[in-house]
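A short worksheet on the structure shown next.
The values are calculated or read from the model by the stated rules, or taken from the named source; none is laboratory data. Here the structure is a predicted model, which is why all the values come from computation and not from measurement. Note that we place each Cβ from the backbone using ideal geometry, even for glycine, and neighbour counts take in every protein chain shown. Just the protein is used for accessible areas: all its heavy atoms, side chains included, with ligands, DNA and RNA removed. Shrake-Rupley method; radii C 1.70, N 1.55, O 1.52, S 1.80 Å.
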Amino acid sequence: MAHFHALIPAAGSGLRAGEAMPKQYRPLNGKPMLWHAIQPFARHPGIHRIHVVLNPGDARFDEVDWAGLESRIEVLRCGGDSRAQSVLNGLRAIAGCAPNDMVLVHDAARPCLTAGDIDRLIAEVGEDEAGGLLAEPLADTLKRADAHGRILKTEPREHLWRAQTPQMFRHSVLLRALTADDTLEGITDEASAVERLGLHPRLVRCAATNLKVTYPEDFRLAETILASRAQ
Ligand code: CTP
Ligand code: MG
């Protein structure tokens, strides 16, 4: 039977977040964001190993207190110059992962994932050849703007989803998808690479609380969500 591995790209510099340190190390309620992103996988009995892709020059990971989570964490110091390149380098560097194993790729910048979200992704996608991802159906009305910030038209929102992570694929399929083309340009998530193979990954509904911390104001929202669960 296939194992389920987590692969966490954490080699970014977090420019848009405007912090002095890369955002994945910014504390949220006392623990670095990366700790929160790893925690639901480290505590999940269905996850075999957690592979964390770091910038080769990263000096912060080893400073973090990983007590209680460390037993299944593997560090890969092979981050690239884009998210997709970091994921590809990580896939190539993973030890002990069979071609048939499933890999759940999860942003270090999504600290509010729950064990229940992981359960649903694994239950609904399983070992599907095309894989699948957590996503949220669009709730807002969509407006297309002109160059002056005025509405050109209202776009239909039927069948539109916002892609989140984790995104889960067979190791061999994701590796093939990320190497199928000469360039990784325009590949902003794993599903878009797999779509290039002509496959149709499954969308698994997830809550809006699985937010990605991108801008300065997002840290407080993530802290509020995490604090509400701690009670
Ligand atoms: N990431 C990575 N390697 C890169 C760029 C990004 O591993 N070369 C990771 C980030 O660490 C993050 C995830 O990919 O966990 C999502 O990327 P994003 O939110 O864009 O983070 P950053 O690239 O760090 O932020 P920014 O784009 O604002 O600089
Ligand atoms: Mg980025």
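Return the percentage of antiparallel bridges among DSSP beta bridges fully within region 91-222, rounded to the nearest 5 %. Kindly include the intermediate steps, with their values, before the conclusion.
Numbers: 13 of 17 bridges.
Within region 91-222, antiparallel bridges account for around 75 percent of the total.
Going by average Cβ neighbours within 10 Å, how do the peptides 81-94, 103-116 rank, with the highest at the top?
Details: 81-94: 19.9, 103-116: 23.6.
For the peptides 81-94, 103-116, the packing ranking is 103-116, 81-94.
I want to make sure I understand the PRE zone here: with the label point 7 angstrom from the Cα of A208 toward its beta carbon, which residues in region 118-148 have backbone N atoms less than 15 Å away?
Only 135-142 pass the distance filter.
Evaluate E = 1/(1 + (r/R0)^6) for D81 and L221, where r is the Cβ-Cβ distance and R0 equals 30 Å; express this FRET efficiency to the nearest 0.05. Present the calculation step by step, with values, prior to reporting the outcome.
Numbers: r = 29 Å, r/R0 = 0.96.
FRET efficiency, D81 to L221: 0.55.
Could you tell me what percent of the accessible area of region 1-105 is made up of carbon and sulfur, with a 1.4 Å probe and every protein chain present? Spell out each step's value before the answer.
On the way: 2320 of 4680 Å².
After summing per-atom areas, the C and S share lands at 50 percent.
Could you name the lysines whose alpha carbon sits less than 26 Å from that of K153, not counting residues in the same chain fewer than 8 places away?
In chain and number order, the partners are K143.
Can you give the FRET efficiency to the nearest 0.05 for H159 and S228, using r as the Cβ-Cβ distance and R₀ = 41 Å? Mind dumping the intermediate values first?
Working: r = 31 Å, r/R0 = 0.76.
According to the calculation, E is roughly 0.85.
Beta carbons within 10 angstrom, averaged per residue: use that to sort the peptides 163-175, 143-155, highest first. Don't skip to the end; give the middle numbers.
On the way: 163-175: 23.9, 143-155: 8.9.
Order by mean packing, descending: 163-175, 143-155.
Over the Cα atoms of region 156-231, what is the Rg over Rh ratio if Rh follows Kirkwood? Intermediate values should be presented prior to the final figure.
Working: Rg = 15.9 Å, Rh = 14.9 Å.
My calculation puts Rg/Rh at 1.07.
Provide the FRET efficiency to the nearest 0.05 for the E70-T141 pair, computing r from the beta carbons and using R0 = 41 Å.
On the way: r = 46 Å, r/R0 = 1.12.
That pair, E70 with T141, gives E of 0.35.
State in Å² the accessible area per residue of region 22-137; use a 1.4 Å probe, count heavy atoms of protein chains only, and round to the nearest integer. Walk me through the intermediate numbers first.
Details: 4520 Å² over 116 residues.
Counting only protein heavy atoms, the per-residue value for region 22-137 is 39 Å².
Would you mind telling me the antiparallel percentage of the DSSP bridges in the chain, rounded to 5?
Values: 15 of 32 bridges.
Within the chain, antiparallel bridges account for around 45 percent of the total.
Could you rank the peptides 125-131, 66-72 by their average count of other C-beta atoms within 10 Å per residue, with the highest value first?
Working: 125-131: 17.4, 66-72: 11.9.
So the order, starting with the most tightly packed, is 125-131, 66-72.
For K23, go through the lysines and keep the ones whose alpha-carbon is under 23 Å away, minus same-chain ones fewer than eight residues off.
Once the sequence-local lysines are set aside, what remains near K23 is K31, K212.
Work out, step by step, the length gained on full extension between R120 and E195: first 0.36 nm times the residue separation, then minus their alpha carbon distance; give nm to one decimal. Walk me through the numbers on the way to the answer.
Numbers: separation 75, 0.36 × 75 = 27.00 nm, distance 2.17 nm.
Between R120 and E195, full extension yields 24.8 nm more.
What is the distance in Å between the Cα centroid of region 105-151 and that of region 162-203?
14
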